Amino acid sequence: MSLTARELLHKVADDAGLTYQTVARRINRMMRKGSGLIESVQKIAVEQNLKPDRYRIDPVKIVSETEKILREDYTQTLMISAVLGQMVEARGKERFPSPAFFAFTEILSRITDARRDTKSETSIEIEDSTTRIIELMTTLVSVLCEWSEQGVVGISHDCPDSLRDIARAIFRKTKLLQGGLWTCISCGNIVDAKETRALMCHECDTQLSGSRSIEDRFESLGGRVRKGYGRSSEE
Ligand SMILES: [Zn+2]
């Protein structure tokens, strides 16, 4: 079974003898009209006389793999979070979609046992893990949420019960953002999206600005319930 949208599209393209680009363009169009990712891929499979059941994505496995990567090493997780935080604020092609970022922070807030620097990843390894997380998160939101031209419009009926909480949080935060409101990644308060700094509300940003390090930023990701990420066994 495929784990990311890219893998799934490659599989159906290969099996149907179509190019990846042709399939990708069609899927994009279908999804803008409100068809789900899996649904769209399966429609193409049927058209091409392929068995639709062979084209699935298991969101539970996506979450497990993401958790596994984020537990590997604290420094690596820090770097990934920092990169995604910058990308969600970026403009244009580099931009990481906010629903995918919300999915990331939800999963991150469930992780409590990352090891502290047991090995040092090379920058290439960290970059590979970041790319993998980006693909996993964009795929996850396309499976868990219902989409239309306006973006996320609800929770997908394919969403398994165990992931409904995540889907609901993504939907709620995305809705707020569409209305011009941002959920501070540090305290969880809802603030005007125009007034945020580094994904935080003004107060949290001011508090941290004296000691703005990548760790401070990272410690704030994942919401107010979590304190001392990854340190539970050491302190
Ligand atoms: Zn705040």
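The values are calculated or read from the model by the stated rules, or taken from the named source; none is laboratory data. Source: prediction; values computed, not measured. Ideal geometry is used to build each Cβ from the backbone, glycine not excepted, and the neighbour counts take in all protein chains shown.
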*Of all residues in region 169-190 being within 13 Å of the ligand (Cβ to nearest atom) and surrounded by 18 or more Cβ atoms within 10 Å (Cβ to Cβ), the one that is farthest from Thr105 (Cα to Cα)*: Trp182
*Answer yes or no as to whether Ala103 is of a type in the set (Gly, Ala, Ser) and either touching a residue at least 60 places away in the same chain (Cβ under 8 Å) or surrounded by 22 or more Cβ atoms within 10 Å (Cβ to Cβ) (or both).*
yes
*For region 191-206, enumerate the residues that are among the charged types (D, E, K, R) and within 14 Å of the ligand (Cβ to nearest atom).*
Asp192, Glu195, Arg197, Glu203, Asp205
*Restricting attention to region 40-72, and to residues there that are under 23 Å from Ala103 (Cβ atoms) and in contact with a Pro (Cβ under 9 Å, 6 or more places away or on another chain), which single residue is surrounded by the most Cβ atoms within 10 Å (Cβ to Cβ)?*
Val41
*Hits in region 60-99 - residues which are touching a residue at least 24 places away in the same chain (Cβ under 8 Å) and among the polar types (S, T, N, Q)*: Thr66, Thr75, Gln76, Thr77, Ser81, Ser98
*Filter region 1-26 down to the residues that are modelled with pLDDT of 95 or more and assigned to a loop (DSSP other than H, G, I, E, B), then identify the one that is surrounded by the most Cβ atoms within 10 Å (Cβ to Cβ).*
Leu18
*Looking at region 121-149, which of the residues that are assigned to a helix (DSSP H, G or I) and polar (S, T, N, Q) is surrounded by the most Cβ atoms within 10 Å (Cβ to Cβ)?*
Ser142
